[in-house]
Amino acid sequence: MIKENKKRITFIIITLGIIIIFRKIIQPVIFVNSYQRDEIDKVFNLKRVIQISLYSAKLFFRDIFSGIFKSISNYKKLNFFEWILVIIVPSLVYKIFCDYDFKSQRKRFEKLFLISAIAIVCGMSIFLFSSYVPTLFGFDNRNLGAVRLFFTIFIISAAILLAVKVNVGNKVVASFFAISASVFMITNISVKNSWIYANHFNHELFSKLKTTLDENHITGGEIGLDYDIFNELKTNPNFTFREPVFYYNWEAPMLSKMNGINPEKIRVCNVERKKDCKIIFTYKNGEIIRLK
């Protein structure tokens, strides 16, 4: 047993060493545009630690449920085939778990509960050592995808353990799973539709900007584009979380090229990221208007 533990510890140390060597030495040499966001000293910044703690609490107790609520509110936008999935998948879930022996598998669910809890803590601890901020309303990092997955597993395993403890019947548990599956299906489909909408939104934004640039005979320079992104994401029912609408300036060259704007001559910037552009256009109610 002692030898096995030593082997495990050695394996963990070697693995961490390889990761650190790759991240800090090999990656910056191989990849010219390598960007390091890990900042160990941030863990000693008490103000940031408190901020991350509050954002984490908001993430789990508000943002997730807010996204689910917005997704369910958009149920009318689901098409026929999507409704078929919403009906079939929960039905299969109910049928599978209706006669499942949860009591005999209690220890497995306890391990699953513990593993998911540890995974969530480890996943969230990354924010203490980096410049990232934990929020679902953004796609700046891939870590939250894993956190959301383990959070779902955590909730499911906790519900099963609670059901076993209070001796709830299998049909009740299966019904709970079926309802949860339908909610998750609607949420995932709504998020998928929001991504599609965001893509159309971006292309419409840059397509109309192209038309306005031609009308104003602008063939070069730095252009500021303002469409009140935060208000748009908050009030537009087509967005579930912060879908990838144009925000960062590095996103502009590809969107410009795809919509007929030469990114080598015209550099489009989001006013939220760069406010000192000499020429600024605003996008509101489907129209591009020049401000200066």
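The values are calculated or read from the model by the stated rules, or taken from the named source; none is laboratory data. This is a predicted model, so every value here is computed, not measured. Using ideal geometry, Cβ is built from the backbone for each residue, glycine included, and neighbour counts are taken over all protein chains shown. Just so you know, the surface numbers come from the protein's heavy atoms only, side chains and all, with ligands and any DNA or RNA stripped out. Shrake-Rupley method; radii C 1.70, N 1.55, O 1.52, S 1.80 Å.
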Could you tell me whether the range 274-285 includes any residue that is within 22 Å of the chain's Cα centre (by Cα), without any contact (Cβ under 8 Å) to a residue 40 or more places away in the chain and assigned to a loop (DSSP other than H, G, I, E, B)? no
Residue check for I153: touching a Phe, Trp or Tyr at 6+ places or on another chain (Cβ under 8 Å), among the hydrophobic types (A, V, I, L, M, F, W, C) and modelled with pLDDT of 85 or more: no
Has the range 143-162 got at least one residue that is open to solvent by less than 40 Å² (accessible area, probe 1.4 Å), hydroxyl-bearing (S, T, Y) and on the phi < 0 side of the Ramachandran plot? yes
State the number of residues belonging to the range 256-268 that are open to solvent by 20 Å² or more (accessible area, probe 1.4 Å), more than 16 Å from A198 (Cα to Cα) and not basic (K, R). 4
Would the range 233-246 turn up any residue that is free of Cβ contacts under 8 Å to residues at least 12 places away in the same chain and either within 16 Å of T211 (Cα to Cα) or outside any loop (DSSP other than H, G, I, E, B) (or both)? yes
Within the range 225-255, take every residue that is among the hydroxyl-bearing types (S, T, Y) and in contact with a helix residue (DSSP H, G or I) (Cβ under 8 Å, 6 or more places away or on another chain) and give me the one that is most open to solvent (accessible area, probe 1.4 Å). Y247
Condition (residue is modelled with pLDDT under 90, of a type outside the set (K, R), farther than 30 Å from P90 by Cα and out of contact with any strand residue (DSSP E or B) (no Cβ under 9 Å at 6 or more places or on another chain)) applied to the range 247-256: is it met by at least one residue? yes
So, S175, is that one on the phi < 0 side of the Ramachandran plot, among the polar types (S, T, N, Q) and out of contact with any Lys or Arg (no Cβ under 9 Å at 6 or more places or on another chain) or not? yes
Taking the range 186-224 as the region of interest, how many residues are under 17 Å from F239 (Cα atoms) and open to solvent by 40 Å² or more (accessible area, probe 1.4 Å)? 10
